[in-house]
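See below for the structure under consideration.
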Amino acid sequence: GAEVDYIKYFNKIGIKANYTYTHSRITTPKTTRIINPATGDIQALSVDQERPLYGQSAHIANLSLLFKDTKKGLDIQVAGAYTGPRINTVSQFLNNDLWQEGFIQMDASAEKRFKSGISIFIKANNILNTPTKLFIKGINPENDKIKEDLVKDGRTLIRNDYYGQNYLVGFRYKFN
């Protein structure tokens, strides 16, 4: 793998960027089924399949725009993060792992600190309401009969979940 990290401030405004590439591989036994031509019975066979490590995305990138004014006690950040496709659930069956589609998530935060030791803050997560999409790499012609658009680009959509945006507003008091 490789990682590149960059941070630069231009007076009170900063930019922070990070990119990570990770190539991971593991070979695990998987079950596949075949029909015995002599008997017509279904037989389970164990075969080895190579795949990336569970949860490991090959590509991860982050970009943040920062504003920091220590004299005024102000700290603001808008951050975007890209996570490439990764295995969400490892299956015991050949070519049946559930993959999570690559996604972009955007968050923001702001904090104002006062000399009295009190600070107020707001945090916003998942501003773009990015869904979690899970798919299997492969298709089944029977899925074409379903009215929903599940099959696309050689993969079958299994789940499409939206979690919405969430916000946190609060205050802190720091004892001296």
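The values are calculated or read from the model by the stated rules, or taken from the named source; none is laboratory data. Being a predicted model, the structure only gives us computed values, none of them experimental. Cβ placement follows ideal geometry from the backbone for every residue including glycine, while neighbour counts extend to all protein chains displayed. SASA here: full protein model, heavy atoms, side chains in, ligands and nucleic acids out. Shrake-Rupley method; radii C 1.70, N 1.55, O 1.52, S 1.80 Å.
The numbered conditions (1) modelled with pLDDT of 95 or more; (2) polar (S, T, N, Q); (3) open to solvent by less than 90 Å² (accessible area, probe 1.4 Å); (4) over 14 Å from the mean Cα position of the chain (by Cα) are all true for residue 92 except (3).
Taken over region 56-74, the criterion of being in a strand (DSSP E or B) and open to solvent by less than 40 Å² (accessible area, probe 1.4 Å) is satisfied by 61, 64, 66, 69. Scanning region 10-28 for residues that are open to solvent by 90 Å² or more (accessible area, probe 1.4 Å) and over 25 Å from the mean Cα position of the chain (by Cα) yields 10, 11, 13.
Rundown of residues vs (1) of a type outside the set (S, T, N, Q); (2) part of a loop (DSSP other than H, G, I, E, B), yes/no style:
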position: 81; (1), (2): yes, no
position: 88; (1), (2): no, no
position: 99; (1), (2): yes, no
position: 112; (1), (2): yes, no
position: 129; (1), (2): no, yes
position: 148; (1), (2): yes, yes
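Scanning region 95-130 for residues that are under 30 Å from residue 27 (Cα atoms) and of a type in the set (D, E, K, R), we see that the one that is surrounded by the fewest Cβ atoms within 10 Å (Cβ to Cβ) is 101. Residues that are assigned to a loop (DSSP other than H, G, I, E, B) and among the hydroxyl-bearing types (Ser, Thr, Tyr) were ranked within region 158-174; the one that is most open to solvent (accessible area, probe 1.4 Å) is 163.
Would a scan of region 146-157 turn up a residue that is surrounded by 11 or more Cβ atoms within 10 Å (Cβ to Cβ), modelled with pLDDT under 95 and among the charged types (D, E, K, R)? Within region 146-157, one or more residues are surrounded by 11 or more Cβ atoms within 10 Å (Cβ to Cβ), modelled with pLDDT under 95 and among the charged types (D, E, K, R). Figure legend. Inter-residue proximity from region 1-19: first residues in contact (Cβ under 8 Å) with a residue 12 or more places away in the chain, second residues among the acidic types (Asp, Glu) and open to solvent by less than 100 Å² (accessible area, probe 1.4 Å), beta-carbon distance below 9 Å, spacing 6+ or different chains. Indicated pairs: 12/69.
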